[in-house]
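Here's the structure, in structure tokens; my notes come after.
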2 protein chains.
Amino acid sequence: MKGTAMDIPDDHPRARSLEIREKLEEGYKSGLVTEMGLIAHGRGEAFDYLIDEKTIKESVYAIKVASKILNDSQNPVISVNGNTAALVPKVISDFTNETGINVEVNLFHRTEDRVRKIIKFLKEHGAGKVLGRNPGKRIPDLSHKRALVTKEGIYEADTVVVPLEDGDRTEKLIEMGKKVISIDLNPRSRTAQESSVTIVDNVVRAMPKLFEFYKEEPDVDIDEFDNEKNLEQIEAKIRRNKFGKD
Amino acid sequence: MKGTAMDIPDDHPRARSLEIREKLEEGYKSGLVTEMGLIAHGRGEAFDYLIDEKTIKESVYAIKVASKILNDSQNPVISVNGNTAALVPKVISDFTNETGINVEVNLFHRTEDRVRKIIKFLKEHGAGKVLGRNPGKRIPDLSHKRALVTKEGIYEADTVVVPLEDGDRTEKLIEMGKKVISIDLNPRSRTAQESSVTIVDNVVRAMPKLFEFYKEEPDVDIDEFDNEKNLEQIEAKIRRNKFGKD
């Protein structure tokens, strides 16, 4: 038997973070998440320390702007990978069901089996339609199966939400003329730097807030938002902060 | 087939980091490394960004002090877990063979199968004697099987090298009156804060340097070394630095 988060002593000081990790390990065991996904999650955990595992005010602002952009979009799509599905399946399902915004499974390490399992997992959490099963299009100039997208979904979308994303793909989506809203804990990642709006936050906190703000239609001036400046403020905050409490 | 680092495009900007990750994934596939170990590695990757993936001068100093302490110890032991074995099997093997310093497998998520596999893996890389197979002692006041140690090795050691360690265990080893030399990329971790000497560096860079300095017997004054101060300088450096280049 391999070790799991279940083995963690009850008195461990990082119980909340370990609960999240446990969801991911379950996702791994059911074949939604890859080994790479586990490692990527660990990287996210470290960056989450740096912002004290809270949704900082710069990220609340970014989430408001993102929700406004989603409201203004004609054909927005939420791109979902294994980690996102494992961590926030219910929010993703409610989001698409209640708003009609398409959800599409897109994987860095695409296998048809994994796509099928992720769609099944989301449907078990209530999702109606989930795209990604039969991608007929490719993101131009992007190698590997991560380029495979559906025409109805990501290919024709004007705005794509990309939680926990690979940097290359964000760049290509921007080159296609789309707006990209990313959720990424590393403010210096290529995804963070390339996105139209970067939400530097844990997906388990950011996604429910994005859904909530979307429904509230917040009164925020998109044109005033400067992603680069917002990221710089986040970096400055992290540098002033103590980091890594455990 | 689950995704592996082998799927990574050649032109990926983080090739070196991905090579290291690949070793860990191989270790995972051969049963040396747990899912928790993969996540922990990811966390380490993020902290490694923060020091530009280099052995900073504060860590060179800590490695020199550590090697001097090892030289002065009567019964030093290197504690090895799955991640360490997967990442630096050859250095660990050469270290114990050439110096006679004991190596002992000690696992947070101990299973006898995994202990056996790790010992076998180290022996395949040339290691002679590796302890840990039949632990007859416990580290006092520490729950779970991670407390299991051999009398000859960690239990009676005056100095223990703990790469990639759990915070609780370091604390208990110190309470037992031992010197603890840790290798930990997070300068704020409990392990880092509790250790006698903390080497804030990637184990793939730090372990070969520790071996090299040990053989050179560097002329360094142990009494001048202040671990807390060294860690503060590292933190200050990280805060001044840009972080996360990818």
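The values are calculated or read from the model by the stated rules, or taken from the named source; none is laboratory data. Everything numeric here is computed off the predicted structure, so don't read it as measured data. A quick note on method: Cβ atoms are made from the backbone with ideal geometry, for glycine too, and the neighbour counts reach across all protein chains shown.
Of the residues making up the range B:103-120, none is in contact with a His (Cβ under 6 Å, 6 or more places away or on another chain) and closer than 28 Å to B:GLY177 by Cα.
Residues of the range B:186-227 that are free of Cβ contacts under 8 Å to residues at least 24 places away in the same chain and either more than 23 Å from B:PHE95 (Cβ to Cβ) or in contact with an Asp or Glu (Cβ under 6 Å, 6 or more places away or on another chain) (or both): B:SER189, B:ARG190, B:ASP221, B:ASP223, B:GLU224, B:ASP226. Regarding A:GLY136, is this residue at positive phi and either out of contact with any Gly (no Cβ under 9 Å at 6 or more places or on another chain) or at pLDDT below 95 (or both)? Considered against the rule, which asks whether it is at positive phi and either out of contact with any Gly (no Cβ under 9 Å at 6 or more places or on another chain) or at pLDDT below 95 (or both), A:GLY136 comes out as no.
Just so you know, in the range B:50-82 the residues that are in a strand (DSSP E or B) and not aliphatic (A, V, I, L, M) include one that is surrounded by the most Cβ atoms within 10 Å (Cβ to Cβ), and it is B:SER79. Tell me, please, whether a residue that is within 14 Å of chain A (Cβ to nearest Cβ) and more than 25 Å from B:ASP94 (Cβ to Cβ) can be found in the range B:153-167. Yes, that holds for at least one residue. Listed conditions (1) under 13 Å from B:GLU165 (Cβ atoms); (2) facing another protein chain (nearest Cβ under 10 Å); (3) acidic (Asp, Glu) are all met by B:GLU235, apart from (1).
Examine the range A:90-107 for a residue that is assigned to a helix (DSSP H, G or I) and among the aliphatic types (A, V, I, L, M), and state whether such a residue exists. Yes, the range A:90-107 contains a residue that is assigned to a helix (DSSP H, G or I) and among the aliphatic types (A, V, I, L, M). Within the range B:156-185, if we keep just the residues that are buried (at least 22 other Cβ atoms within 10 Å of the Cβ) and in a helix (DSSP H, G or I), the residue that is modelled with the lowest pLDDT turns out to be B:ASP168.
For the range A:208-225, the criterion of being closer than 27 Å to B:ARG43 by Cβ, charged (D, E, K, R) and modelled with pLDDT of 95 or more is satisfied by at least one residue. No other residue among B:LEU107, B:LEU50 is more than 16 Å from the chain's Cα centre (by Cα) and hydrophobic (A, V, I, L, M, F, W, C) apart from B:LEU50.
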